[in-house]
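Here the structure comes first, spelled out in structure tokens, and everything after it is commentary.
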Amino acid sequence: QPNAMGGREVGGLANQLAAHMELDNPQHRDTVARFWQVESVAEKQGLKAVDLFNAIDEGKVKAVWIMATNPVVSMPDADKVKRALDKCELVVVSDCIENTDTTACADVLLPATGWAEKDGTVTNSERRISRQRQFMPAAGEAKPDWWMICEVARRMGYAEGFDYKNAADIFREHAALSGFDNNNDRDFDI
């Protein structure tokens, strides 16, 4: 499974913002919008994992990008998840393993770097951030997850907001957001 705690810290959940700020809190939304210099951020929570696959199954979600996880195996009601992905108009999967139950459903399969090929940070369940150094070259055409996101954003016309050169650039932004307008009223400040 992916770096679950790290995903929470950077706003990878449907119900919270980066740096453990709350999506339902207008002050937190304003803080994030000012930091990123945008007019606003989403006010409404997205779909949590089970709800997302239900919405895909019902035809309400037409495209999904699954990164570094195998929900056809790991989610409850695996048969329903597989059925939903089979019905989905566009399924993109990026993973370091080519043949999984989820990659079998992919319309687009993007080769991702594996654990030993990644450079960046991971966060354990105690919220300790550890530096992760690449110690093996990436296999074949594999790319880091962050690079794939930036490349898709660039091709969609959002290059300015995703102009990271490496994982360290992303971590520096993450650390800066955690301390932005944080007058000891948020626990998370790196």
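The values are calculated or read from the model by the stated rules, or taken from the named source; none is laboratory data. Everything numeric in this text was worked out from a predicted model, so none of it was measured. Cβ placement follows ideal geometry from the backbone for every residue including glycine, while neighbour counts extend to all protein chains displayed.
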#### Entry: Odd one out for Ser130, checked against (1) exposed (fewer than 14 other Cβ atoms within 10 Å of the Cβ); (2) of a type in the set (Ser, Thr, Tyr); (3) within 19 Å of Met67 (Cβ to Cβ)
(3)
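What number of residues within region 119-143 satisfy the criterion of being without any contact (Cβ under 8 Å) to a residue 60 or more places away in the chain and closer than 14 Å to Ala167 by Cα? Walk me through it before giving the result.
Looking only at region 119-143, we keep the residues that are without any contact (Cβ under 8 Å) to a residue 60 or more places away in the chain, and these are 119-120, 126, 128, 130-143.
If we keep only those that are closer than 14 Å to Ala167 by Cα too, we end up with 119-120, 130-134, 143.
So the count comes out to 8.
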### Query
Pick from Val10, Val81, Val92: which is under 26 Å from Trp147 (Cβ atoms) and at pLDDT 95 or above?
Val92
### Summary
So, first residue in contact (Cβ under 8 Å) with a residue 24 or more places away in the chain and part of a loop (DSSP other than H, G, I, E, B) in region 88-103, second residue crowded, with 17+ Cβ neighbours inside 10 Å and basic (Lys, Arg), Cβ within less than 8 Å, six or more apart or across chains; the pairs are Asp101/Lys82
### Cβ-Cβ under 8 Å pairs, at least 6 apart or on other chains, region 154-180 side more than 22 Å from Lys118 (Cβ to Cβ), far side in a loop (DSSP other than H, G, I, E, B) and acidic (Asp, Glu)
Gly179/Asp189
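Which residue, of Leu177, Leu85, is aliphatic (A, V, I, L, M), over 27 Å from Ala63 (Cα atoms) and in a helix (DSSP H, G or I)?
Details: Leu85 fails: over 27 Å from Ala63 (Cα atoms).
It is Leu177.
Just to be sure before I move on: is Asp79 closer than 30 Å to Phe188 by Cα, free of Cβ contacts under 8 Å to residues at least 60 places away in the same chain and assigned to a helix (DSSP H, G or I) in the structure I sent?
Working: closer than 30 Å to Phe188 by Cα: no; free of Cβ contacts under 8 Å to residues at least 60 places away in the same chain: yes; assigned to a helix (DSSP H, G or I): yes.
No: the conditions fail for Asp79.
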### Message
Of everything in region 18-63, what is over 18 Å from Asp181 (Cβ atoms), touching a helix residue (DSSP H, G or I) at 6+ places or on another chain (Cβ under 6 Å) and of a type in the set (A, V, I, L, M, F, W, C)? Give them in sequence order.
### Response
Leu47, Phe53, Ile56, Val61
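How many of the residues making up region 28-54 are assigned to a helix (DSSP H, G or I) and basic (Lys, Arg)?
First, the residues of region 28-54 that are assigned to a helix (DSSP H, G or I): 28-36, 49-54.
Those still in the list that are basic (Lys, Arg) too: 29, 34.
Residues meeting the conditions: 2.
Determine if region 112-127 includes at least one residue that is surrounded by 14 or more Cβ atoms within 10 Å (Cβ to Cβ), hydrophobic (A, V, I, L, M, F, W, C), assigned to a helix (DSSP H, G or I) and touching a helix residue (DSSP H, G or I) at 6+ places or on another chain (Cβ under 8 Å).
No, every residue in region 112-127 fails to be surrounded by 14 or more Cβ atoms within 10 Å (Cβ to Cβ), hydrophobic (A, V, I, L, M, F, W, C), assigned to a helix (DSSP H, G or I) and touching a helix residue (DSSP H, G or I) at 6+ places or on another chain (Cβ under 8 Å).
Among the candidates Ala116, Ala138, single out the residue that is within 26 Å of Ala168 (Cα to Cα), in contact with an Asp or Glu (Cβ under 7 Å, 6 or more places away or on another chain) and at pLDDT 95 or above. Even if it seems obvious, please write down each step before you answer.
On the way: Ala116 fails: in contact with an Asp or Glu (Cβ under 7 Å, 6 or more places away or on another chain).
Checking each option against the conditions leaves just Ala138.
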### Query
Going through region 5-25 one residue at a time, which ones are without any contact (Cβ under 8 Å) to a residue 12 or more places away in the chain and not in a loop (DSSP other than H, G, I, E, B)?
Gly7, Gln16, Glu22
